[in-house]
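Working notes for the structure below.
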Amino acid sequence: MNSLFLAVPIALPVLGGFWILLHKFHDKNRMIFTETIAILTSLCVFFAIFTVDNTPVDIYSFTNNFSITLKLDAPGRLFAGMVAVMWPLVLLYAFDYMHKEHRKNVFFAFYIMTYGVTLGVALAADMVTMYVFFEMLTLVTIPLVSHYETHDSLYAGRKYAGYTIGGASLSFMAVVLTTVYGQSGSFIFGGSLGGDYNTTLMQIAFLLGFFGFGAKAAVFPLHDWLPTASVAPTPVTALLHAVAVVNSGAFAVMRLTWYVFGTDFLSGTAVQIICLVTAEFSLLFGAVKALRERHFKRRLAYSTMSNLSYMLFGFMLMTPEGLVGGLAHMLFHGVIKMTLFLAAGAFMHVTGNSYIYEVNGVGKKMPVTFICYTLGALSLTGIPLFCGFVSKWSLLTAGGNSGTPWGIAGVFCLIASAFLCAMYTLNVSVRAFFPVTGKDRYGEGSKVKEAGVLMLIPIVFFTVVNILFGVFSGGIMGYLEKIAGGVL
């Protein structure tokens, strides 16, 4: 199949979103239309994964060396496949969650457009294309973050825009220089730099790219937008914090490091040390902030900041083991955090409560939701038989085998962060199922019950995937090892 087909799964949800904006749908018709677009897009993605080769194709040319070019290589298959599984399922959750909300046409229009733009990041063949979709991702998600149009949500939207557009401005220098001093910034395993260039200038460009793209991955000190954005509807925060925006940031850093600059150019330099130390500090800082946070979704947001830096740590080790661990955590953390955010959103939706102390005793009223939450929390902590253990163990061994002081330091940071993770996630489960006497908020007179079926389906699905990936991870890890070895 010609690579030109890759434009279809990108264009389909974007055009579908514009169609929703231009027409006033009744709830049922909008649900059918939006879910149909999402399913068709996912089918196109899976068809492309199995039939399209990795030959790049130009979709639109601005000028020499600047064009929109798509390619489906192994990392793109991983990211696109992950998005294609998650989006239709979370859309079901969104239908129930947003049932009584206003401005649903606008919400679902931008929600489905975000799907197409995220696929654009996954399927980009070079720096220019990825940068264009990266900026578009900010633009289509701002209305989602500020959807409620309250003071808090509008502030969150402005803050999110400031951080992410500012980050994109930092990364623009890396885009330009790698396009000029390379094979048009093409993604080639091992790097695509070439010609005569100033080494110091290119190292500075990489640093700007790391922090610029890393803004979406909530790397310190460009992280503050993430907990603020938790004011958005839960279907938004689940995708923002588990897949679309944050993973796009980590994915872009991986592309920049392994497919543009190359580890031969960066390994052992001060640039690598700066990035490693930043990732290590970020993952500890995020874990500490999560432990101190009392708002349910903001706690999970700080947890996301911490776990994104696990990925960055793996990528910046610049070893094949580190790349495997980073990619594995990108996939597995997405599954885990999707479960946790959807469970938190179900609790908030049903009870109208938002804080950790308000969870006390709710487990007996919402057992399915909080059993799934607990299994996700165990996985995020790194308990064996769950997928979180697989990726965290890979990162620990990669750090230990790196043979550098910064890699060894990262091992201690990962262990400390895992300990803090157990405290801030499992504390919620203990409160839900074993409230202190007199602190149970959901006694016999409480009318709280499980969320609707449409909300429970994705929660249970991602819980099952969490366990299956933990028990049967060999095939996935083998695929990632081939990516890290440059075989795929």
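The values are calculated or read from the model by the stated rules, or taken from the named source; none is laboratory data. Here the structure is a predicted model, which is why all the values come from computation and not from measurement. When we count neighbours, we look across all protein chains shown, and the Cβ atoms used for this are built from the backbone with ideal geometry, even at glycine.
Within the range 402-433, track down each residue that is more than 30 Å from Gly268 (Cβ to Cβ) and without any contact (Cβ under 8 Å) to a residue 12 or more places away in the chain.
Scanning the range 402-433 gives Phe419, Val430.
Which of the residues belonging to the range 157-175 are in contact with a helix residue (DSSP H, G or I) (Cβ under 6 Å, 6 or more places away or on another chain) and either over 24 Å from Phe251 (Cα atoms) or polar (S, T, N, Q) (or both)?
Thr164, Ser171
When you go through Phe47, Phe62, Phe79 one by one, which is the residue that is at pLDDT 90 or above and out of contact with any helix residue (DSSP H, G or I) (no Cβ under 6 Å at 6 or more places or on another chain)?
Answer to the selection: Phe47.
In this structure, is Gly399 crowded, with 18+ Cβ neighbours inside 10 Å, more than 21 Å from Tyr302 (Cβ to Cβ), modelled with pLDDT of 90 or more and not aliphatic (A, V, I, L, M)?
In short, yes.
Looking at Ser61, is it small (Gly, Ala, Ser), under 19 Å from Ala124 (Cβ atoms) and touching a residue at least 12 places away in the same chain (Cβ under 8 Å)?
Judged against the criteria, Ser61 is not a match.
Checking Leu72 against (1) part of a loop (DSSP other than H, G, I, E, B); (2) under 17 Å from Asp27 (Cα atoms); (3) modelled with pLDDT of 90 or more: exactly one of these is not met. Which one?
With respect to (1) part of a loop (DSSP other than H, G, I, E, B); (2) under 17 Å from Asp27 (Cα atoms); (3) modelled with pLDDT of 90 or more, Leu72 is out only on (2).
Which one of the conditions (1) surrounded by 18 or more Cβ atoms within 10 Å (Cβ to Cβ); (2) under 23 Å from Thr118 (Cα atoms); (3) touching a residue at least 60 places away in the same chain (Cβ under 8 Å) does Asp224 fail to meet, given that it meets all the rest?
(1)
Among the listed residues Gly445, Gly478, which satisfies the condition of being assigned to a helix (DSSP H, G or I), over 20 Å from Lys337 (Cα atoms) and without any contact (Cβ under 8 Å) to a residue 12 or more places away in the chain?
Gly478
Can you list residue pairs whose Cβ atoms sit under 8 Å apart, with the first residue in the range 384-399 being under 15 Å from Met330 (Cα atoms) and the second being among the charged types (D, E, K, R) and modelled with pLDDT under 95? Count only pairs 6 or more apart in sequence or on different chains.
none
Going by the structure shown, is Leu375 assigned by TED's automatic domain parsing to the domain that holds Gly322, modelled with pLDDT of 95 or more and either farther than 30 Å from Gly268 by Cα or within 23 Å of the chain's Cα centre (by Cα) (or both)?
Considered against the rule, which asks whether it is assigned by TED's automatic domain parsing to the domain that holds Gly322, modelled with pLDDT of 95 or more and either farther than 30 Å from Gly268 by Cα or within 23 Å of the chain's Cα centre (by Cα) (or both), Leu375 comes out as yes.
Is there any pair linking a residue in the range 187-202 that is closer than 26 Å to Gly485 by Cβ to one that is exposed (fewer than 14 other Cβ atoms within 10 Å of the Cβ) and modelled with pLDDT of 85 or more, with Cβ under 8 Å and at least six apart or on different chains, and which?
If the second residue must be exposed (fewer than 14 other Cβ atoms within 10 Å of the Cβ) and modelled with pLDDT of 85 or more, the pairs left are Phe189/Gly486; Gly190/Asp264; Gly190/Gly486; Gly191/Asp264.
Of Gly322, Gly314, which residue is in a helix (DSSP H, G or I), under 25 Å from Asp126 (Cβ atoms), assigned by TED's automatic domain parsing to the domain that holds Leu488 and touching a Phe, Trp or Tyr at 6+ places or on another chain (Cβ under 9 Å)?
Answer to the selection: Gly322.
Select the helices (runs of 4 or more DSSP H) contained entirely in the range 86-197, then report the ones holding at least 3 residues which are in contact with a Lys or Arg (Cβ under 9 Å, 6 or more places away or on another chain) and of a type in the set (Lys, Arg).
none
I'd like the residue in the range 258-273 that is surrounded by fewer than 16 Cβ atoms within 10 Å (Cβ to Cβ) and either over 16 Å from Asn198 (Cβ atoms) or acidic (Asp, Glu) (or both) and, out of all such residues, is modelled with the highest pLDDT.
Ile273
Enumerate the pairs (first residue in the range 85-99 and buried (at least 20 other Cβ atoms within 10 Å of the Cβ); second residue anywhere and charged (D, E, K, R) and part of a helix (DSSP H, G or I)) with beta-carbon separation below 7 Å, excluding pairs fewer than 6 apart on the same chain, so at least 6 apart or on different chains.
Sorted first by the residue in the range 85-99, then by its partner, the pairs are Pro88/Glu35; Leu91/Glu35; Met98/Lys104.
Among the listed residues Ala346, Ala328, Ala301, which satisfies the condition of being assigned to a helix (DSSP H, G or I), modelled with pLDDT of 95 or more, on the phi < 0 side of the Ramachandran plot and touching a Ser or Thr at 6+ places or on another chain (Cβ under 8 Å)?
Ala328
Name the single residue, out of those in the range 22-53 being assigned to a helix (DSSP H, G or I) and aromatic (Phe, Trp, Tyr), that is nearest to Met113 (Cα to Cα).
Ranking the qualifying residues of the range 22-53, first place goes to Phe33.
Looking at Gly475, is it of a type outside the set (Ser, Thr, Tyr) and surrounded by fewer than 19 Cβ atoms within 10 Å (Cβ to Cβ)?
yes
Among the candidates Val359, Val436, which residue alone is out of contact with any His (no Cβ under 6 Å at 6 or more places or on another chain), more than 21 Å from Val471 (Cα to Cα), touching a residue at least 12 places away in the same chain (Cβ under 8 Å) and crowded, with 24+ Cβ neighbours inside 10 Å?
The conditions single out Val359.
Assess whether Leu456 counts as being crowded, with 18+ Cβ neighbours inside 10 Å, under 25 Å from the mean Cα position of the chain (by Cα) and outside any loop (DSSP other than H, G, I, E, B).
Answer is yes for this residue.
Return yes or no: is Ala416 in a helix (DSSP H, G or I) and either touching a strand residue (DSSP E or B) at 6+ places or on another chain (Cβ under 7 Å) or surrounded by 21 or more Cβ atoms within 10 Å (Cβ to Cβ) (or both)?
No; evaluated as a whole, the condition is false for this residue.
Is the range 66-84 home to any residue that is farther than 23 Å from Ser248 by Cβ and touching a residue at least 40 places away in the same chain (Cβ under 8 Å)?
There is no residue in the range 66-84 that is farther than 23 Å from Ser248 by Cβ and touching a residue at least 40 places away in the same chain (Cβ under 8 Å).
Restricting to the range 22-46, give me the number of residues that are surrounded by 14 or more Cβ atoms within 10 Å (Cβ to Cβ) and touching a residue at least 24 places away in the same chain (Cβ under 8 Å).
14
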